[in-house]
1. Is it the case that segment 115-122 has a residue that's within 15 Å of the ligand (Cβ to nearest atom) and under 30 Å from residue 36 (Cα atoms)?
2. Which residues, counting only those in segment 149-168, are farther than 19 Å from residue 311 by Cβ, in contact with an Asp or Glu (Cβ under 7 Å, 6 or more places away or on another chain) and of a type in the set (Gly, Ala, Ser)?
3. On the given criteria, is residue 127 over 30 Å from residue 380 (Cβ atoms), near the ligand (Cβ under 9 Å from one of its atoms) and not basic (Lys, Arg)?
4. State all residues of segment 228-249 that are farther than 18 Å from residue 355 by Cβ, in contact (Cβ under 8 Å) with a residue 40 or more places away in the chain and surrounded by fewer than 18 Cβ atoms within 10 Å (Cβ to Cβ); if no residue qualifies, say none.
5. Would you please name the residue that is surrounded by the most Cβ atoms within 10 Å (Cβ to Cβ), looking only at residues in segment 55-81 that are away from the ligand (no atom under 16 Å from the Cβ) and assigned to a loop (DSSP other than H, G, I, E, B)?
6. Name every residue in segment 80-110 that is acidic (Asp, Glu) and within 18 Å of residue 47 (Cβ to Cβ), in order of residue number.
7. Please tell me if residue 37 is at pLDDT 95 or above, assigned to a helix (DSSP H, G or I) and either more than 16 Å from the ligand (Cβ to nearest atom) or touching a helix residue (DSSP H, G or I) at 6+ places or on another chain (Cβ under 7 Å) (or both).
8. Can we say residue 132 is within 30 Å of residue 73 (Cβ to Cβ), modelled with pLDDT of 95 or more and touching an Asp or Glu at 6+ places or on another chain (Cβ under 8 Å)?
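The values are calculated or read from the model by the stated rules, or taken from the named source; none is laboratory data. Just so you know, these numbers come straight off a predicted model, no measurement behind them. Positions of Cβ are generated from backbone atoms using ideal geometry, with glycine treated the same way; all protein chains shown enter the neighbour counts.
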Amino acid sequence: MLRFSTAGESHGEALVAVLSGVPAGLKIDLAFIDRELWRRQQGYGRGGRMKIERDSAHILSGVRHGATIGSPIALTIENRDWKNWQEALPVGAGDPEKHKAVNSPRPGHADLAGALKYNFPEARYVLERASARESAARVAAGAIAKLLLRELGIEVLSHVLAVGGAAVRDAEIPWEKLQALHAREEVLLNCADAEAEERMKAEVDNALKTGDSVGGVFEVVAHGVPPGLGTYANWDERLDALLAAALMSLQAVKAVEIGSGIGSAASPGSVVHDAIGYERAKGDGRAGYTGFTRRTNHAGGIEGGVSNGEDILVRGYLKPISTLRRPLESVDFKTRAPVKAAYERSDVAVVPAAGVGGEAMVALTLARCALEKFGGDSMGETLRNFAGYREQLRRF
Ligand SMILES: Cc1cc2nc3c(=O)[nH]c(=O)nc-3n(C[C@H](O)[C@H](O)[C@H](O)COP(=O)(O)O)c2cc1C
């Protein structure tokens with residue numbers, strides 16, 4: 001079973017990811033992992049922290065001579081900012097005078113709920129772990145999942161549909177256009193529609209000017225997914241449920257939509273459901289997994305908790321960044337007197353970066369489901385099983 005966990009504080013020495021269950025013999029491309037980390041750091045509206053960090057994954061275990069060996073993969077990502085925090089956040093007792101307490105909880109953050117839960121007198125330790133800096137470790141683990149999926153012909157990308165009130169007019173973007181977007185060396189807001197991207201930039205500029213923040217919507221697209229991942233057999237094995245939980249676990253994601261799920265609630269079934277056709281030539285093993293066709297994909301590639309062979313479309317809806325340069329009302333932890341919420345250096349918009357985190361979570365989920373279906377302790381075994389299933393689909 002593919003499993004992963006992360007550790008690390010935002011201003012600690014490093015982030016850590018441990019990924020186990022990857023079959024032996026998967027080639028590991030370190031430059032690819034670092035490019036994914038770079039992508040998570042991009043986007044108009046990021047704050048000063050991302051200028052300090054240049055994330056790079058350092059693999060400690062599970063990979064030898066350029067390929068996985070079947071044992072758990074452990075990796076670290078150094079926090080360059082750590083050098084500025086060694087006295088403020090030491091592992092040892094250190095000098096209490098040098099600690100940087102967060103004395104008034106910031107609305108929208110875990111500060112108050114976390115301090116109450118863990119019985120902390122202030123919120124420093126809470127924000128250190130609740131921070132989305134953690135998502136860098138997920139992106140590194142997700143990059144390895146993407147390398148595995150590539151072997152099965154599956155690619156996962158994302159793009160931005162909305163920032164604040166500015167949204168694309170047409171959300172259906174051809175796969176080739178998404179690939180071109182992904183290849184760009186400069187990322188503005190990772191939107192495939194240049195006109196909409198300018199309106200999105202104006203939303204960020206307005207937030208910067210007014211000391212406010214914005215949220216938005218990203219879409220993750222998984223291309224080349226075979227029918228048959230996930231199952232309706234049990235509630236906790238449904239692919240839509242697994243993807244929703246995976247995306248919802250990302251910091252600031254407050255709603256998840258599969259395909260056109262939200263709009264479909266108000267539309268008639270005749271408009272929402274994707275009619276089925278058949279073209280023998282499409283199922284020749286090269287053009288597609290089967291000859292079954294759909295002209296539309298409102299279902300987002302999943303019916304009954306099972307992938308149906310169409311692109312998987314999952315959207316993450318982000319609340320606006322919680323830290324405001326014009327802070328909201330809060331209360332001092334010690335005196336309980338009304339004060340302005342504490343301010344920590346912050347991004348004002350993170351939709352493209354959250355999309356990269358979303359890709360990682362989708363890739364990890366699909367890789368887990370693929371390994372559950374095809375099994376294999378070595379890539380040779382996994383690919384043999386996959387080829388057998390492909391042949392079964394071709395003959396269906
Ligand atoms: C990539 C990324 C970067 C983020 N950066 C910040 C930030 O700089 N400042 C901030 O206040 N929130 C930021 N957030 C959002 C917070 O981490 C998140 O809203 C907060 O921890 C509360 O958790 P919740 O939104 O899941 O309830 C970021 C989120 C993501 C996905």
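1. No: zero hits.
2. Of everything in segment 149-168, those that are farther than 19 Å from residue 311 by Cβ, in contact with an Asp or Glu (Cβ under 7 Å, 6 or more places away or on another chain) and of a type in the set (Gly, Ala, Ser) turn out to be 164, 165, 166.
3. Yes; evaluated as a whole, the condition is true for this residue.
4. 231, 232, 237, 241, listed by residue number.
5. 62
6. Of everything in segment 80-110, just one residue is acidic (Asp, Glu) and within 18 Å of residue 47 (Cβ to Cβ), namely 81.
7. On the way: at pLDDT 95 or above: yes; assigned to a helix (DSSP H, G or I): yes; either more than 16 Å from the ligand (Cβ to nearest atom) or touching a helix residue (DSSP H, G or I) at 6+ places or on another chain (Cβ under 7 Å) (or both): yes.
So residue 37 passes the test.
8. Against the criterion (within 30 Å of residue 73 (Cβ to Cβ), modelled with pLDDT of 95 or more and touching an Asp or Glu at 6+ places or on another chain (Cβ under 8 Å)), residue 132 does not qualify.
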